Amino acid sequence: MPQETIHFLSTSTSTTKSSFASSPFHSKPPFPSFHHDFPSLLRPRNRNFPTIFSLKATISLPLNPPKTSEIPSISPPSRPVLQQPDNRRSQFQEKMLYLDSIGLDFLFLITHHPPIISAPLSDIKSTVDYMISLGFTAIGFRRIVGMCPEILASRVSDIVPVFTFLLREARVNGSDLRHAINRRPRLLACSVKQRLRPTLYFLQSIGISEVNKHTYLLSTSVEEKLIPRIEYFEKIGFSHRDAISMFRRFPPLFNYSVKDNFEPKFNYFVVEMGRDLKELKEFPQYFSFSLGNRIKPRHQCCVEKGVCFPLPVLLKTSEAHFRDRLESWKRWIFLESNWDNNIDGNKIELWDTRTS
């Protein structure tokens, strides 16, 4: 193969040595000499490539450049990039297995509250351990999470203030704390500052002093739920004072839907039953009874018998007691009718019977 000859002219080393020796920092050689133990670094590694410090050297290079396969790759390793999704997949699987081990349906949870996917497993375990330490059973905790999956994505530092608020500000007894959470699990997902405390102050402002018996209302919004229900009763004919008194007398009224509860029951009360608003003011519990299963059937029975019971008697009594009252009322009307229509002799006979 034809070769190309390249000549290198030597550079004198005396200048370098003298300049180094004359340097003010050169009091002694900066590095010890290793030439007795190691071969000189200036020794040529290949006969074809002599040191550039020789007087004159000739090297032989091939005309064609070296193949690219001989050049080492400098691309960064790909292993760290591949480890990240593997770690995420492993954490996801670990979280799914843990939730399954405590009886929770992972797919149901992420469907109803997707942030659970990104919640750290350590935070989830801490929340579960904290709830169990407060006396909640495994079954009870599963029920709570099923009703409010947001709890699993909450940290213990977010849950502790809720329990503190219920005990100190809402005056819930320690023995009733679990009952309050079981009845309204969403309390644990509410902000004390933005939701629980403002609702507490509103309920107290309208005269509901025993809020600890109605803690399920604390998770509701004053502007979006409580005030609109008071305004509805004002709209249908009650004064503001009377409307407030109804909610004070029966606070669960705040939980009922205007469209699905108040409107159909009020229309039936006015149109079909033909009763006065004063009865609703005195008995707001009317809206707590089923329109199809209790209000309509009993009102129709009274119409057929020609009787009219007060709302508490009509709705609060059990079915058997209601039937007994209905029959008793029927017998009383029959006797009263016979007494008015009978001749005087019969009355005397009844009198004689009583005095004999």
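The values are calculated or read from the model by the stated rules, or taken from the named source; none is laboratory data. Note that this is a predicted model, so its numbers are computed, not measured. Each accessible area value is taken on the protein alone, full model and side chains, heavy atoms only, with ligands, DNA and RNA left out. Shrake-Rupley method; radii C 1.70, N 1.55, O 1.52, S 1.80 Å.
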Karplus ³J(HN,Hα) for the range 305-313 (6.51 cos²θ - 1.76 cosθ + 1.60, θ = phi - 60°; Hz, whole; x = Gly/Pro) runs 8, x, 10, 9, 8, x, 4, x, 5
Too long for a 28 Å Cα-Cα cut-off, among K193/K213; K193/K265; K225/K281, are K193/K265
SASA check, R195, accessible area w/ 1.4 Å probe, all protein chains in place, rounded to nearest 10 Å², comes out at 80
For E210, the accessible surface traced by a 1.4 Å probe with all protein chains present amounts, in square angstrom to the nearest 10, to 90
Rounded to the nearest 10 Å², the accessible area of R89 using a 1.4 Å probe with every protein chain kept is 120
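Using the alpha carbon gyration tensor of the range 289-334, what are the three equivalent-ellipsoid semi-axes (square root of 5 times each eigenvalue), largest first, in whole Å? Mind showing how you got there, number by number?
Numbers: eigenvalues 63, 24, 14 Å².
So the three semi-axes of the range 289-334 are 18, 11, 8 Å.
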